[in-house]
1. Which cross-chain or sequence-distant (5 or more) residues have an amide H under 5 Å from the amide H of A:GLU54, H modelled 1.01 Å from N in plane?
2. Over 32 Å between C-alpha atoms is what I'm after, so list which of B:LYS97/B:LYS216; A:LYS138/A:LYS335; A:LYS16/B:LYS266; B:LYS141/B:LYS217; A:LYS79/A:LYS292; A:LYS7/A:LYS40 land there.
3. What list of ³J(HN,Hα) values in whole Hz, one per residue of the stretch A:140-151 in order, does the Karplus curve 6.51 cos²θ - 1.76 cosθ + 1.60 (θ = phi - 60°) give from phi, with Gly and Pro shown as x?
4. Kindly state, to the nearest 0.05, the FRET efficiency for B:THR27 paired with B:ALA49, given R0 = 30 Å and r defined as their beta-carbon distance.
5. Take the eigenvalues of the Cα gyration tensor for the stretch A:103-166, scale each by 5, and report the square roots as semi-axes in whole Å, largest first.
6. Please compute how much accessible surface disappears when A pairs with B, both sides summed, using a 1.4 Å probe, and round it to the nearest 100 Å².
7. To the nearest 0.05, how large is the calculated FRET efficiency for B:ARG232 and A:THR158 if R₀ is 35 Å and r is the Cβ-Cβ distance?
8. Calculate the translational D of the stretch A:65-121 in whole µm² s⁻¹ from Stokes-Einstein, where the hydrodynamic radius comes from the Kirkwood formula applied to all Cα pairs, the temperature is 25 °C and the viscosity 0.890 mPa s.
Amino acid sequence: MWEYSDKVQEHFFNPKNAGVLDGANAVGQVGALSCGDALKLMLHIDPVTEIVLEAKFQTYGCGSSIASSSALTELVIGKTLEQARALTNRDIADFLGGLPPEKMHCAVMGHEALQAAIADFRGEVWRSEHEEAALVCKCHGVDARVIERAIRDNALSTVEQVGAFTMAGTGCTTCYEQIEDILLRVATEAAAASAAAAAAHATEVARPETVAAAPAAAPVAPRPGSLNLFSAAVRAASSAPAPAKAIVRPATESSPLSPASPLPPPSAGMTNLKKIRLIEETIEDLRVYLRKDGGDCELIDVDGSNVLVSLTGACVGCQMASVTVSGIQERLMAKLGVPIRVIPVGRNAH
Amino acid sequence: MKAIYLDNNATTRTDPAVVDAMLPFFTEHFGNASSAHSFGAEVGTAVKAARQQLQQLLGATHDHEIIYTSGGTESDNAAILSALEALPDRNEIVTSKVEHPAILSLCEHLEKTGRAKVHFIGVDGSGQLDIDAYRAALSDKVAVVSLMWANNETGTIFPVEGLAELAKEHGALFHTDAVQAVGKTPISLKDSAIDMLSLSGHKLHGPKGIGALYVKKGARFKPLIRGGHQERARRGGTENVPAIIGLGKAAELALQHMAEEQGRVKELRDRLEKAVLQRVPNCIVNGDRHDRLPNTTNIAFEYVESEAILLHLNRGGVAASSGSACTSGSMEPSHVLKAMAIPEAALHGAVRFSFSRDNASEDVDRVIEALPGIVEKLREMSPFWADAEKKTNDSKPVFA
Ligand code: FES
């Protein structure tokens, strides 16, 4: 059984405004019998003031569907259409004192029914934005299609990266294995595609010695210039609730922090001084990309294999900070050829 | 108000006599059964006695055919993985679409990782196996057939003894997940073709976290958990002695109460079912009317969603379930009912009432009193009910 707040229980056991509204001039119906939940929202709107005078609902569904419907009617009564239009599924969930993550779709259904009713009042045709794809992350309502697109468009290779781009897997983590499966599938498809491309190229080229080797171990074939981990759009997406908005700004050039960007050969057997110089140079190179997105990274100290940095600007506190740190770390390790730990510290730390 | 528990297929109350039997093994008899000294010896003797109690319940020939495990899920996993390893020249599994997730998710995983090809056999509207499809799937490539004895959601009983005979014709090992059947229906493995059987303590008034895998003498077996020589090196790890003693006691009690399960408990179930069908229109009972566990009824209420019914029942002090406890956290309708092709209007409205010897006649009265009003209230709120009522007001309750 789900853990429902007292308010959810109150609205489920004693729903407000349940039933048919005679004389409704705006009706929104969403869901279906086959889906296991459906909501018919009926509104009586004053045609002159456009204020919602009455609201009623009929719902087929679980406890939170009924509670969300009841909450929705309470929320819209007395509002103007424009105020009602601005209501979100979050508002419905908040009104109820929260819903279990797996039940957030009930609030989404309420929000959709409201948009449908408003469209009906305006004589418009309303279409659900909700695309039919398997829901992977129930905590954040992210489906397989969104995750797959994020992986392909940005050459993502870890669950953490998927989380940073789409929010999937950043809650209860029960969807981790599914995300890993999608990563594996996309990587396998990409490897097969590049192998096929290499084979096609081989047949085109007459002399066998010119045939380029297929990148057998390349997990994901990056699209040129598709990845910028410090993109402002990515940061916005990480903090936005709607996963559909997790669209990465198309960058014109590839960031060296890209997991798939070509790495220079590691240097070995260097002196401490050389090592620190190399670290300085590498961080200096990376700062170009960080600054573009309003952030910055300054080298504070090098203590054995620990590299202390100070993140500033847009990098501080943003959910991408950990990705930034691990990106710098990967880059430094590749350059120096030794294990490095990057530790973000305050500017005055020594 | 006394709370009424009708979710015994999820778990049962541990019998007080079971708890009494267990207690000294936490305190007085705390020795390790594997130790050579007297502390260990007395515990080892008790563990053997418990094994014999289980042997009796299952009608097994030898007590050493019983391997203690942590429960049904481990037993199921051990059986299937063992068979694949024991018969390395075979890589196919035959199972059904209505198995417990302990089987289904393992099989899906084995298929996904390329370790086995799995035949998921379908069922008919009453949940009975498609025998033609089963026969067609059998071949000398099949390492193991795994079919449940009784379904946890509907109670439908598969004719496993006969199904095992068919598997034998092709040299495959036969495993049955009998977690729901053990203790509720008579079992005799002695002369059967069943090679392996899984059971779980907490489904028969025993403790949680203990179960067993029966492996017929002579059947090939490879351990899932390797380690010490416990369980004749078939399941490593120090024995969970108090739980084993509890399971043995639960098995003894189950044998004593078998007639009650088949008699009084079944009558309670039948009375509830009949009354609900009489008083609530548009209901379907899911499962096989003739071959069904005596304690289970799965009733689908058209045009309402089961969780809403359960919340109301719970507030009225009645605990039931929407299906298998393991999947009740998911939004998907039951895979069992989907495989049975239950009509769309009823698919999301199934409620499972599962009884035990702890239930009394008053429990049934309480449900009969509360349920019609709950369903009516929810239907009034449903956008589909008014239309459906017009279409089906002359329809009779049906048994799927
Ligand atoms: S389902 Fe909880 S984090 Fe994805």
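The values are calculated or read from the model by the stated rules, or taken from the named source; none is laboratory data. Given the structure is predicted, the values throughout are model-derived calculations rather than measurements. Glycine gets a Cβ as well: all are built from the backbone with ideal geometry, and neighbour counts include every protein chain shown. Remember, those area values only see protein heavy atoms, side chains included, never the ligands or the DNA or RNA. Shrake-Rupley method; radii C 1.70, N 1.55, O 1.52, S 1.80 Å.
1. When sequence neighbours closer than 5 places are left aside, the close amide H contacts are A:HIS44.
2. Numbers: B:LYS97/B:LYS216 26 Å; A:LYS138/A:LYS335 39 Å; A:LYS16/B:LYS266 41 Å; B:LYS141/B:LYS217 23 Å; A:LYS79/A:LYS292 43 Å; A:LYS7/A:LYS40 22 Å.
Check vs 32 Å cut-off fails for A:LYS138/A:LYS335; A:LYS16/B:LYS266; A:LYS79/A:LYS292.
3. 10, x, 9, 9, 4, 5, 5, 5, 4, 5, 4, 5
4. Working: r = 19 Å, r/R0 = 0.62.
Given R0 = 30 Å and the Cβ-Cβ separation, E is 0.95.
5. Numbers: eigenvalues 183, 35, 13 Å².
Ellipsoid half-lengths, sorted descending, are 30, 13, 8 Å.
6. On the way: alone 17980 and 16870 Å², together 32560 Å².
The A and B chains share an interface burying roughly 2300 Å².
7. On the way: r = 44 Å, r/R0 = 1.26.
Between B:ARG232 and A:THR158 the formula returns 0.20.
8. The diffusion coefficient I find is 221 µm²/s.
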